[in-house]
Amino acid sequence: MKGIFENWQGKWPDAYVIKVLKDVGLKEPPFDELVIADSLGIKVIQYPDPTKEPVPYHLNAALPWLLESGTFMKKEGDKRIIFTPAFVAPTKIRMNIFHECGHAILPWHDGQCYLCKEKDLEGKAQKLIEREAFFCAASFLMPRGQFTKNILDLNVTSFAAIQMLKERYYVSFEAAANWFVQNNPGICALVMIEPTSLDDPEMSEVEVIAEDQTSLKVGQPDVFYNCEEPTESPLKVSYSIRSRRFPDRIKRNLGISTDSPFYTAWVSGKGIIGEISAIELGLFDRAPLRYECRPIGFRQRLMILLWEEDKQQFWIQPGPLAA
Ligand SMILES: [Zn+2]
């Protein structure tokens, strides 16, 4: 893409991603982040851990950024270069590169000064810019049309389904789980729980999500926001996401007491499946929710997938995962 107005696709980031994928002719995921960056005329430089290896001389000027494991894009005339750490998980590298590609393809990001590290950002406009770039990254990784079709084909709400999608799209499990819930036509939610003792007053709610780089809130009004007061419980909700048909938000900071099956699962470090009253999650009295939960590496967290038996599965056409 070259100019701004001749490439105008409207205000939704998705449209720009779809156009790029179409222009490049990529159809089957997982899409190669380097091929896409190259098609946009962007060079990618992956740098080694600067605390373990000397940085190449041409990166000296960027050392402060590198020490923070930052990914950033530099513009030189018409050319762009992405610098990104090579010493993180491959799925994270993919997300980082696609995030920068997002900045490159959204015309209104052109000329903006963006720092791809949300805690440094002040002001709604810059936060929105970062969220849009994350959203583009998610769309490059898991184009919504195909992803939603896969959800329908799988026709089940479970970690096993999410695992299949994670592998198909080559993303982190958490990214696949977030996208699975956000694009799900059924009634489901994803809740991340972490120890209250890990509370970090410096850490914003945005950053909690950004840790796995799936801050996907553009055009998604259903991603948490309202917060409970800090809790005395040993565990608390760090964030939650719901499908459009899930009745209400599960609040951030909601305490999980030692009586909860989630506490038991967290202590044992083992996944469990079961049923829980919606009231226990701060929701209004309704039908019990089914759940599947499992520990997930970072910050000793527990991931919970919740769903309600859906009586309106009129869209379902059972079938295998599309090849
Ligand atoms: Zn950014």
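What follows is calculated from the coordinates using simple rules that are stated; it is not laboratory data. Note that the coordinates shown come from a computational prediction; the quantities given were computed from them, not determined experimentally. Ideal geometry is used to build each Cβ from the backbone, glycine not excepted, and the neighbour counts take in all protein chains shown.
Quick rundown of the values:
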quantity: Packing-based order for 11-19, 232-240, using average beta carbon neighbours within 10 Å, highest first; calculated: 232-240, 11-19
quantity: Sum of side-chain charges, residue 60 neighbourhood, beta-carbon under 14 Å (Lys, Arg +1; Asp, Glu -1); calculated: 0
quantity: Sites residue 15 and residue 275, calculated FRET efficiency, Cβ-Cβ separation with R0 41 Å, nearest 0.05; calculated: 0.50
quantity: Cross-link pairs 19/236; 43/236; 92/251 - those with Cα-Cα distance over 32 Å; calculated: 19/236; 43/236
quantity: Estimated inter-spin distance, residue 55 and residue 146, nm [label 7 Å along Cα→Cβ]; calculated: 3.5 nm
quantity: Approximate spin-label separation residue 7-residue 268, in nm, with each point projected 7 Å along Cα-to-Cβ; calculated: 5.2 nm
quantity: Fully extended contour minus Cα-Cα distance, from residue 258 to residue 67, at 0.36 nm per residue; calculated: 64.8 nm
quantity: Segments 158-169, 38-49 sorted - mean Cβ within 10 Å per residue, highest first; calculated: 158-169, 38-49
quantity: Alpha carbon centroid spacing (whole Å) that separates segment 139-179 from segment 83-113; calculated: 21 Å
quantity: Spin-label model distance (nm) - residue 124 vs residue 244, 7 Å beyond Cα toward Cβ; calculated: 2.3 nm
quantity: Packing-based ranking, highest mean first, of 148-156, 23-31 given that Cβ atoms within 10 Å are counted; calculated: 148-156, 23-31
quantity: Shape category assigned to segment 29-84 from the gyration tensor of Cα positions, a/c cut at 1.5; calculated: oblate
quantity: Amide H within-cut-off set for residue 296, under 5 Å, with H built and near neighbours excluded; calculated: 301, 302, 303
quantity: Whole-number percent relative contact order across segment 5-141, with pairs defined as alpha carbons under 8 Å at least 6 apart; calculated: 28 percent
